[in-house]
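The values are calculated or read from the model by the stated rules, or taken from the named source; none is laboratory data. In this text the structure is predicted, and so the values were computed from the model without any measurement. Every residue, glycine as well, gets a Cβ built from its backbone with ideal geometry; the counts of neighbours run over all protein chains shown. Heads up: the accessible areas ignore ligands, DNA and RNA and are worked out on the full protein's heavy atoms, side chains in. Shrake-Rupley method; radii C 1.70, N 1.55, O 1.52, S 1.80 Å.
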Amino acid sequence: MCIAIILITSITTTIFATESNVYEEAELYGRNADDAEEVYAVRNQYVRQRESEDAYALREAYRNEMEQHLNLRTQIAEYALSWVGITPYVWWTERTWGNSLTLGTDCSGFIHLIFREFGIDVPTGSAMYQDYVGHHITFDELLPGDILVYEYGSHVALYAGNGTVVHCSSPEAGTCTFQLKDGVATAYVRVID
């Protein structure tokens with residue numbers, strides 16, 4: 001979001017910095033016409049066209065910034081889904097190797113490893129997600145890449161989009177998916193703004 005604000009501020013500054021040039025150019029362009037009404041019409045048409053182009057550029061910059069964030073969210077969700085059926089669940093006290101997507105991990109280790117692949121640092125320990133990571137959102141605000149906290153921090157999962165949740169579930173199930181239901185999770189956490 002910070003990048004979008006900086007980009008929008010930069011474009012807005014450019015728009016306002018060139019506004020006086022637009023009017024100067026319109027006057028120069030308008031002076032070539034013989035009739036005063038034609039000068040006025042040509043000038044206004046030119047100014048509206050430039051203002052429209054600048055507004056379009058601003059909207060495009062904002063849209064591109066939002067697509068990049070959605071693209072990152074989608075990449076995270078797809079990466080998490082790629083480990084379904086592959087990553088075994090291993091309780092942290094039984095692991096001598098630490099966290100590994102190939103050797104095994106638990107629910108919070110899975111979330112940690114998925115985000116770490118994209119340079120985002122989130123802790124292991126599912127109870128941390130209840131109060132100390134990101135910021136809380138509502139069920140209706142869920143986007144791919146958001147974290148679901150269950151039973152007040154005893155389990156965490158990743159929302160993959162389209163009603164699908166991916167998580168490292170249990171020694172029997174390993175990493176799997178399930179369908180999202182409202183009211184089951186105790187918190188929804190966003191770490192990607």
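Among residues of the stretch 76-101 that are touching a residue at least 24 places away in the same chain (Cβ under 8 Å) and open to solvent by less than 60 Å² (accessible area, probe 1.4 Å), those with a Cβ under 9 angstrom from a residue that is of a type in the set (D, E, K, R) and not in a helix (DSSP H, G or I), sequence gap 6+ or separate chain, pair up as I76/E117; Y79/E117; Y89/D106; Y89/E172; V90/D106; N99/D106.
Considering the stretch 125-138, and only residues there that are modelled with pLDDT of 85 or more and not aliphatic (A, V, I, L, M), the residue that is nearest to N99 (Cα to Cα) turns out to be G134. The conditions of being touching a strand residue (DSSP E or B) at 6+ places or on another chain (Cβ under 9 Å), of a type in the set (S, T, N, Q) and modelled with pLDDT under 95 are not met by T177. Taken together, the residues in the stretch 100-159 that are among the acidic types (D, E), assigned to a helix (DSSP H, G or I) and more than 21 Å from F178 (Cα to Cα) amount to 1. Between a residue in the stretch 132-158 that is of a type in the set (G, A, S) and any residue that is outside any helix (DSSP H, G or I) and modelled with pLDDT under 90, which pairs come within a Cβ distance under 6 Å, given they are 6 or more apart or on different chains? Here the result reads G153/S126, each pair linking the stretch 132-158 to a residue that is outside any helix (DSSP H, G or I) and modelled with pLDDT under 90.
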